[in-house]
Structures are given as structure tokens and as C-alpha cells.
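Shown next, in C-alpha cells, is the structure this report addresses.
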Amino acid sequence: MTQKKLCRSTDWRRTIKNVYIYVVLVLIVVIFSVVKLDQVKLFGRGHFLSPDSITNLLRMAVPIMTVSGGFTLLMISEYIDLSVGSAMSLSAVVFSWLVLNGFSFIPAFLMTMVMGVLLGAINGFLVMKLRITPVIATLVTLNLYKGAALLIVPDGISGIKSTDIQQMPSWISDYARQKVLFGLPASFVVALVVIAILVVLQRKTLIGKYSAAIGGNRTAAELSGINVVKMVWLLYIIVGILAAMAGIARASYMSLGDPLSGDGMETDCIIAVLLGGTAFTGGEGSVAKTIIGALIIMCMTTGLMTVIDPYYQTFAKSVVLILAVTLNHLLVRQKVSA
Amino acid sequence: MMNGNSIQKTTRKGKMSNESFITLFMFVVLVALFCIACLFVPNFYMGQNILNLVTNYWYVIIIGIGVTFLLTTGNFDMSVGGVIAMTGVLSVYFCQSTDGSQPLAVGLGLPYGIAVVLALLCALCIGAINAFFIAKLRVASIIITLGTMSFARGIGQIVTLGAQRNTSLPEAYGVIGNAAIPGTSVKLSVLIMVLIVIIAVVIEKKTVFGRRTYLIGANSEAARLSGVKVTKHLTLLYLASALLAGVTGLLLASEYKAGISGRATGYEFDALVITLLGGTSISGGFGSVLGTVVGALILSVVTSSATGLLLSPDWQFTIKGVVTFLAILAQRFALDRRKG
Amino acid sequence: MMSENVLEIKNLVKDYPGVRAVNDVSFEIKRNTVHCLVGENGAGKSTLIKILTGAVQRTQGVVILNGQEYCANNPKEAKQKGISTLFQELNVVDQLTVEENLTLGMEDTSFGFLKKTSKIKKIIDVLASLEPSINPRQYVSTLSVAKKQIVEIAKAVASDAEIIIMDEPTAAISEGEIKRLFQIIRGLREKNVTVIYISHRLDEIFTLGDYVTVMRDGCHIETKKVSDVADRSELIKMMIGKTIFEAYTPPETPAVETILEVKNLNNHKLKDISFSVKKGEIVGFYGLVGAGKTELARAIYGLDPYEGDILYKNEMLNPSPSDAIAAGIALVPEERRSQGLFTVLTIRGNVPVMNMKKISNKGFINKAKETHATLEYIDKLNIATSGIEKEVSKLSGGNQQKVVFSKCLFADADLLMLDEPTRGIDVGAKSEIYNIIRQLSKEGKSIMIFSSELPEIINMCDSIYLLYDGEVKASLCNSCDINSEMIIHIVTGGE
């Protein structure tokens, strides 16, 4: 009798777990659509769901959409990378620097991506080879990468941009702004492709399976012959590459390389991952759901901008984080650590 | 089997504990760095400069103490920077006079003493939130304290509309932050820091509470089985950390006679850096307040040298990252050599 | 040419400092059989298994697997060489599906993409042939312990294991599940797998085994066909041999006052347990793996939830370790390194931990008192060390255990619960600990010993409770004639 009761309550729980995130997304969209209806027309100019603002939202969502999927895989294997924001800033700076100094788009893009590999590899090295606690190791690299970005930018100016001597070519903003598909830019399409690849990686390749195994039961994973060091190192490199892509998109969007442009990205990723139902003790999580979580954050950020003054943003985001932590705690079954 | 007479109260050769060894090691590093700096940085050895080195980071040391105790138990507290800002802002807001036209010049008009106490209570609330999630719900401390960091800072931003509050303050407001030892430039804040450090060292080394902190860090399961009330202890640590941050916030706000929402950005990382520089380890019940102080001095020497060498402030981040990294490696190396 | 023996153990020796855990053991295991390994605690069978699984290295002797010398440095190597093990801590990943678990580490891929090749299908078919009711697509987290075990067995079979070692697999599963497990194990013989089955539930040996090896005191006693073993008592006799138990001496003044009373204690493991402990009494709880000894200690100590009444000194206990300690109960835990001690700290750092009040004044530690107390216990318990500043990690097992004892004694406990107090300790230290226990009892302290070593229980305890599968099966007083055969019969599931 008790057995049956248990089954039913776990089924309930499971359904809520799978569904709540879509509910939240819909709720948020509805709230923001409704809130200013007295002032603007539904779907009209200035409304939350107007084509312009949707386009805007999606364009601004490109960085987090690019990064949070890879971040999810890393968290599933029970590791973390707090340096994603700085890696993104550094990439933005480097990319703009390359463009400013005459490189065309593809070479600059590729070179920045290579740097992303390097940044991720360094993280992997510190965590897996030197066996420094991931939080501390990536806080260290957070500062290193941020410092590097700040140092590349000459003193006195806010970022890598047009100066008296050099001109930033105007095509730099094409990647993140020029309409390519349904009014959305190439960077968005790339983000979609990245997400698709990551979803496939998670569901259909060793990467997804092994990260869940490593996070779920590391001993079992090792006993089965999985090379944990190589696998997690790879995940860190993937996150590094994605951070680089996000940085490129941001630099293109702003037409300059801002060394502070990635600040807070790690917090956003954490919120997205929490909302998406990833367990912090590893083993469980979904790239697709994290992306929904990322969309929720973007809706909140852009939606709030129209409703409340900017100085409420930090507070609002922190409340979302705390709520996400609570939700995650209630719904996601955390492993009991041995 | 040897016994009785041949048992020594301390071990042979005055062998010191691992903590003392690391603290000593980092102190030697400090002295070495100082000497190197004297060689390359103009006027580094001047008395006033040395004084500054010691007093520069008083605020990071105070919050570093809370972070040290918590890291010893294996937990982070990244909310301290936000709490500093929030407490400063709230303390101003609470005692700003009630009449005025500008929204940023109007407050709750409470007496100064009450405003201060109330602001500290708010700081404690943040500590309570941390304690609830971390000690009770066992959520990862890094995650939730990143959240409460923004939460506290966000409150500061809301109350100051994103800027600061610095008008219509009672006379008493600027007193403690700007008081100094007569004849010197040593501020009261520095004295307070020294006092807190002394208290913290005493607690760490000589009290049951300090001992229990180490026990939890060394083996929380054994601690629990030995009767240590782990949840209660962690709660107290988070409350204490918030309180220290609150006090720092009050002192800073008093010094500048302003509650600035952007204050103390990055201080939480500095606190962690000096703790790590001081040898505190996240995984071993290993921690030292004195070490943290030494760590603060090391950071001070390094950053002052950078300034003295006319490096731009942008170098700070790289320097902190590199220094922390080297310290972790060096400490690990030194400990391994000692054991092996 | 395949020899008859899949495994040959020749003159195997394993020495630890001060003790020879495996003493010149030699026997053979025939291919495609279920070979049972029995023996009391400390008989050496766990060490033998650890050598086979690569967890420890042998001191001397040879192991021959399929005609070739076998040596494994770690469990992963052992698995690769054909010896898989089913441990009590299941090695499945709950968050993956059954199919994913089965194929973990053995996937076929093209460019990293998982392919469902015929090899994969074969692996899944192995499970189907063993237990068709398990759906490969379901998540392992939804499976019962018994089914998870079957998945692990299937995985071992699929990875071409020659030998599967099963260590007390029936401890956590129901009777019906045991029947099913046995069907599967029998079926393994046709799949070219040999099973080494370790269990103290002697009935299982007779139901399942083809051969049985009995070990005692690190030595090999006999290896026989199960069909040649007359009955349980023959096995039991082999297990306990002619061990003369040290004579038990009853206390001078019999205990009178009841100090602890447990009524109808029930929880996830314990079933309706009731007993009482008198002041100055030494009460023993004897049972083998899975009997519920540790669970009982934990419940009384306030670590696990329970239903029922626990009255200590006529008052209800608050369920928490700190309250238990304050009331006067102290626990010497089963795992001294991970639960009983702070291995990175020194002796001085460990001893006063459970009663800081005694060495402190208003919260401030009095170093003199601390030093004095530590020296006092080093002396009292004869802890061999050069000083109080020695890290406990550097002490021998016996001395470490003495430090744990010191902790509990320092807490001024009136009731001491000892969970496997002499496990992994050399003979000399063991006898010292027994003396300590007897002395404490003379001083009026009550002791509860939870142990799986029969000589210890018979040697020390005034009253003995026999545990099996979470229940108290019998209780005896020690001054009556002790029939150790009957005792073993009960704790191995007999009625």
C-alpha cells in the first residue's frame, strides 16, 4: 500500500519537474505582455511581444544562449566554471582588437576561438591536473582573464573601439545585428546551431552520457574505464570555446570590445542551470531546459527594464536566483554525499 | 610500550603544527616580497609607506576574518561585499532627516544610534538567509552567497536609486569613520580592526568555538558524531560574517559620510584571496586568522608596488589572480615537502 | 585447452603490521561453478577477496587465473582481467538508464556518436536473458536494490567476466528477490561465468553452492563439494573449530538497576526491538553483516529516525548526538578513521572533543587541563605514542581505537556503545581493550558491544542478544552454558 502511494507521489513530482519550467516561461511572458496593456497595444510598438522587442530580446540573448548549454554539461559532471564571464569579456576585447587592426571577420573569429580553447584548457588544467577546487581555481582565472582584458584595452578608454588613429570597420556589427533570418542576425543563428549541437551531444554521444555518469557516480564511471580527467577537461574547453563565441557576439553587437561586458554571465548561467533543473550534486540536467531557463532570464531582464527602473535589476535578479535555488532544492533530487 | 615519564607534553624539536608552519612560511614570503619591492619601487621602505601598507586593507581584513572561519569549515561567503554596501546605505537612509524635497535627501529620521543598530540587524538578516540555505538546506554555499551578494547590493541600489545618499545626515554620523589617533594618521577603523583581529585570534586558538570550527572542517561527520551541533555552529559563523561586514560597512559609510551602492565591489574576492594567501585550506580544517592578516599584508605589498611602479589599476585583477595561484601552489609544495 | 580450474590460489599470504590476515591459503575454484566462501569475521575472507579485486596487494603467493598468473593493482584492472565484483555499495549510475549503465565504458561509437550495433544489442540481450522484466529504457533510479544488482550482474557478464564475486548480496533484498537472484546465479554457470559467493547465511550455501571453502583465522580450513557437507552444524564446526573461548568471568555483584530501556524500536531496518541494559552490565549484540547492529546503535544515539520508546535513566532521549552525549551516552563508531577520529589533528586535538566543558572555563580552553586530560588517557589506556602532539593518522589501528575510547570516556559517559570495537586491531591491543572494558564495567559503567566476532561477545558480555535481519532472534545470559553452534545457527538465519 505504501509502495503504491510512494509511486504516485514520485510520479507527480516528476511531472512537475519536467513541466514547471515551461509554465514559468509562459507565465513570465504573459505577465510582461499584460503589464503595460493600458499604455500600448497588444503586439503593437512598445509592447513586450511586438516584433521589434522580441527581436531585440533574442539578439541580446545570444551570449547566454551560446554559453549556458555547455555550462550545463559541466555542471552535470559536478564541476563549475566561474570564469565564463571574464573569458567572454576577454574574447570580446581580443576580437575587436583583431578587427580594429585589420583582420577580416573569419580569421578574427577563428583566432578568438582558438584563444577560447586555450582559456578552457587552462581551467581544465588547474582543476583536473593540479586538482585545485573548481570554485577557487575558476575564481582565480576569473581574475586573470578579466585582468588580461583590462590590460589589452589602452588606459583611458572604455574598450577597444575607433580611435583617432584607427577606425573600427563598420561591418563588425553585421554579425550580431544584420538581419539574416526572420529579422534575426547571424549570431543568433549560430547560437541556435550551437544549442542544437549541444543537445545532440548530450542525448546521442559519449559526452552527454559520460558527464552524467561522472556526476552521478564517479566511482562507477571510473570502474567502467571512463577517463574522467580527459572528459572533464574537454568540457572545460567546450565552455571556453562557447565563452569566446559569446564574446565575439557581444563585441559585434556593441561594435567595441568592452572588458567588462561579460560581468555577471556566470551568475546568469547559474540561474539558467538551476531553473533548468540541473542538480548541483551532479548527474542530472538538460541542455534544452537550461536554454528555457536562459530565455526566462532574458525575458525578465528585458521585461523588467520596461517596467522598473534599472537600479532594481540587481535586486530582482538576486531574488530570481534565490527562488531558483529554492525551487531546485524542492524539486531536484540531490544525491546524498557519502 | 612507552608511557608516563617518557611522554612529552610537546613533541620533540619544538615541531609546530601545520598551521603555524604555513603562517610562518607565508610570513617569510611577505618579508621576501617586501625586500624585493624595496629594491624596485621608489621610496617603498619609507616609514609612512610601511604604515600605509599595514593600514590600507583594514576593511578587507575585518571581513576576511569571517571568510577565514567559514572557509575552514569548507564554506564560502561571497555576500560580504554586498552587505558592506547595503549596511552603509541603510545606515544613512535610516538617519537622514525626514524633511526635504529631493528623494535622495529624505530618510527615516531615526536617531543615529538606532539607525546604526537597525542597519546591523539588516546585515544579520542576510547572514540568516545564508545560514538557512547553507546550514539547514545544505545548498552549495558558493551559489547562495552569490545570490545574497546581489540581494544585499540590490537593496543598496534601490534605496539609493542606483547612486548614493550623502545629505541631511546628523552630526554624529561622520565621527567614527574619521576619528584618528591624535597625532597620527591612524584611523579608529584601523584600531577596531586590530581589536577584532585580536578577538578573532583568541577565539580561534583558545576557545571551544574556535576548536569546533576546526573540527567541522576536518571531518564534519566525526564532528557530528562527537556531539558538535554543526547546523548551529555554521549558522553562528554566517551571522558573525554578516555582522563583521555590517560593521565594516558602517565604518566606511561614516568615513565618507555617504552610503554608496557601489561600495565594496570585489571586496568579497579580496577577502577570499587574503584568506587563501594566509594558508587557509578549504579541505582540511586548516585555517588561520593570523595567516589571513599576513595574506592581507602580502596583497598590500603587491598592490602598492604595482601602484608605485606606476602600473594602472587595471593590473589589480591579474596580480590578484597570479598571486593567489602561486600561493596555492607554494603552500601545497611546502606542505608536501614537510610531510615527505 | 581450458583447465578445469578457473582460479588457483597458491600459498597466498597477506601481512599487515602486526597481523597476518591471510595465512598460506591454497585452494582451487572450478570453472562454471558457484563457489561459496564462508568464515567468521576476521577469518580472512574479505582480505582474500580484496587481493582478488586488486584493492590490496598480496605479500606472498600466487593467484592463477585461467592458467596465467594474475595480479591486479586496482579494481579497474581486475575488471579488465576478468574478475568483476558486486559490492554492497552498488556501482550503478542512478541517473542513467539501464541500457546506458550496461554499456557504460563499452559503447560503440562513430565520431563520438553512440551507435546501436550488434555488440550493444548483445549486451542488452544478456540482461533480457537474465531478467526480462527489466526494461532497458527505464532509469536505474526507479529500480529496486535487487534489480540494480541484476543490472550489475548483467554488466559483468556482458564485459566477459570470468569470475563474478558477490559479497553478501542478499543483505538488502527480500525473500522473493533472493529466489530470483539465485535462479539468475545458477544460470550464470551456463554463460561461462564462475561465481564466488560470500555469505554468512548458511542456508544459502546449501541452496545455491556447488563448492564451499571455509576459512578461519586467516587459514584455509577446507574446500568441499556442498553435496558432501552433511549439514549446517558440520559447516559451523569448521567455521569455529576448536577455538577455546577465553573463560568468561561473571561480575562479583550482579547488576540490578536498569539504565537503558528500549521498547518496540522500529525503523527502516529494525523490527520491533526491545531490550534493557543494567548499570554496570556488559551487553552484547551479536550478528553478522546486515543484522542491524549499527542501525540499532545509530537509533539510540539519535542519528536515525525511529518509532518506539528509548528510555535512558527513566527519561525519553532527545534524538541527537549532542543530547545523547549530554545525557551520558557515548558511541565508538564502526569506522574509526572516517567517523571516530579527526585524522588530521593530533591526539590532544581529538581526546577532549566530546566534552569540551571539562577542559574549558566559560568557553575558553584551558591548555593545562587539555594536556593533563590527554596525558591521563594516554596513560590510562596505554596509548603508545611519543607525545600528545602526534597526528592520529600516524598511530596504529589499536592505538587509534584507544584514542576513540578516550574521547568517549572523557565525555563521562555512563553508557558506552561500541560498534565493532576491535575490528582490524592486532591481538595485543585487542586484549588491552577488553581489559579496559572490564574495568569500566567494574566502575559501574554500562557497555553495549555490537560485534560480529563471536569470541569477543562470549568473552566479554553478561547478556547476549542475537540479531538477524533487524530482529532480536534470541537473548541469552552468559552464565548459562553457551552453545556457540546454536548461536551461529541463529545468526545465520536458522530458527
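The values are calculated or read from the model by the stated rules, or taken from the named source; none is laboratory data. Predicted model, so just to flag it, every value in this text is computed and none were measured. Virtual Cβ from ideal backbone geometry, glycine too; neighbours counted across all protein chains shown.
The table for this structure:
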{"quantity": "Residue within region B:186-198 that is farther than 27 Å from residue B:134 by Cβ and in contact with an Asp or Glu (Cβ under 8 Å, 6 or more places away or on another chain) present", "calculated": "yes"}
{"quantity": "Residue within region B:96-103 that is within 14 Å of chain A (Cβ to nearest Cβ), out of contact with any helix residue (DSSP H, G or I) (no Cβ under 9 Å at 6 or more places or on another chain) and assigned to a helix (DSSP H, G or I) present", "calculated": "yes"}
{"quantity": "Residue A:235 in a helix (DSSP H, G or I) and crowded, with 19+ Cβ neighbours inside 10 Å", "calculated": "yes"}
{"quantity": "So residue A:231, is it touching a residue at least 12 places away in the same chain (Cβ under 8 Å), in contact with a helix residue (DSSP H, G or I) (Cβ under 6 Å, 6 or more places away or on another chain) and within 14 Å of chain C (Cβ to nearest Cβ)", "calculated": "yes"}
{"quantity": "Options C:60, C:80; residue that is out of contact with any Pro (no Cβ under 7 Å at 6 or more places or on another chain), surrounded by fewer than 20 Cβ atoms within 10 Å (Cβ to Cβ) and more than 10 Å from chain A (Cβ to nearest Cβ)", "calculated": "C:60"}
{"quantity": "Residue within region B:137-152 that is loosely packed, with under 15 Cβ neighbours inside 10 Å, in contact (Cβ under 8 Å) with a residue 60 or more places away in the chain and either among the small types (Gly, Ala, Ser) or more than 9 Å from chain A (Cβ to nearest Cβ) (or both) present", "calculated": "no"}
{"quantity": "Test result for residue A:294, touching a strand residue (DSSP E or B) at 6+ places or on another chain (Cβ under 8 Å), of a type in the set (A, V, I, L, M) and either within 11 Å of chain B (Cβ to nearest Cβ) or buried (at least 21 other Cβ atoms within 10 Å of the Cβ) (or both)", "calculated": "no"}
{"quantity": "Considering residues of region C:90-113 that are assigned to a loop (DSSP other than H, G, I, E, B), within 7 Å of chain A (Cβ to nearest Cβ) and of a type outside the set (A, V, I, L, M, F, W, C) only, the residue surrounded by the most Cβ atoms within 10 Å (Cβ to Cβ)", "calculated": "C:95"}
{"quantity": "Top-ranked residue of region A:154-169 - restricted to ones that are among the β-branched types (Val, Ile, Thr) and surrounded by fewer than 24 Cβ atoms within 10 Å (Cβ to Cβ), ranked as farthest from the other protein chains (Cβ to nearest Cβ)", "calculated": "A:165"}
{"quantity": "Options A:325, A:273; residue that is in contact (Cβ under 8 Å) with a residue 24 or more places away in the chain, under 25 Å from residue A:124 (Cβ atoms), buried (at least 21 other Cβ atoms within 10 Å of the Cβ) and aliphatic (A, V, I, L, M)", "calculated": "A:273"}
{"quantity": "All positions within region C:436-472 that are crowded, with 19+ Cβ neighbours inside 10 Å, more than 18 Å from the chain's Cα centre (by Cα) and assigned to a loop (DSSP other than H, G, I, E, B)", "calculated": "C:445, C:461, C:462"}
{"quantity": "Selected residue (only one of A:159, A:147 is modelled with pLDDT under 95 and touching a strand residue (DSSP E or B) at 6+ places or on another chain (Cβ under 7 Å))", "calculated": "A:159"}
{"quantity": "Number of the exception - residue C:419 against (1) touching a strand residue (DSSP E or B) at 6+ places or on another chain (Cβ under 8 Å); (2) farther than 18 Å from residue C:325 by Cβ; (3) among the charged types (D, E, K, R)", "calculated": "(2)"}
{"quantity": "Test: residue C:55 is part of a loop (DSSP other than H, G, I, E, B) and either within 14 Å of another protein chain (Cβ to nearest Cβ) or at pLDDT below 85 (or both)", "calculated": "yes"}
{"quantity": "Residue under evaluation residue A:165, criteria (1) assigned to a helix (DSSP H, G or I); (2) aliphatic (A, V, I, L, M); (3) over 23 Å from residue B:315 (Cβ atoms), criterion not met", "calculated": "(1)"}
{"quantity": "Residue that is nearest to the other protein chains (Cβ to nearest Cβ) [pool: residues in region C:375-389 that are surrounded by fewer than 18 Cβ atoms within 10 Å (Cβ to Cβ) and among the acidic types (Asp, Glu)]", "calculated": "C:379"}
{"quantity": "Residue tally, condition out of contact with any strand residue (DSSP E or B) (no Cβ under 6 Å at 6 or more places or on another chain) and more than 15 Å from residue A:136 (Cβ to Cβ), over region B:74-92", "calculated": "11"}
{"quantity": "Residue C:120 being under 27 Å from the mean Cα position of the chain (by Cα) and more than 20 Å from residue A:222 (Cβ to Cβ)", "calculated": "no"}
{"quantity": "Of all residues making up region B:305-330, the number that are of a type in the set (S, T, N, Q), touching a helix residue (DSSP H, G or I) at 6+ places or on another chain (Cβ under 6 Å) and more than 9 Å from chain A (Cβ to nearest Cβ)", "calculated": "1"}
{"quantity": "Lone qualifier among C:161, C:146, C:156 - being in contact (Cβ under 8 Å) with a residue 12 or more places away in the chain, touching a Lys or Arg at 6+ places or on another chain (Cβ under 9 Å) and assigned to a loop (DSSP other than H, G, I, E, B)", "calculated": "C:161"}
{"quantity": "Residue check, residue A:293 in contact (Cβ under 8 Å) with a residue 24 or more places away in the chain and closer than 26 Å to residue B:78 by Cβ", "calculated": "yes"}
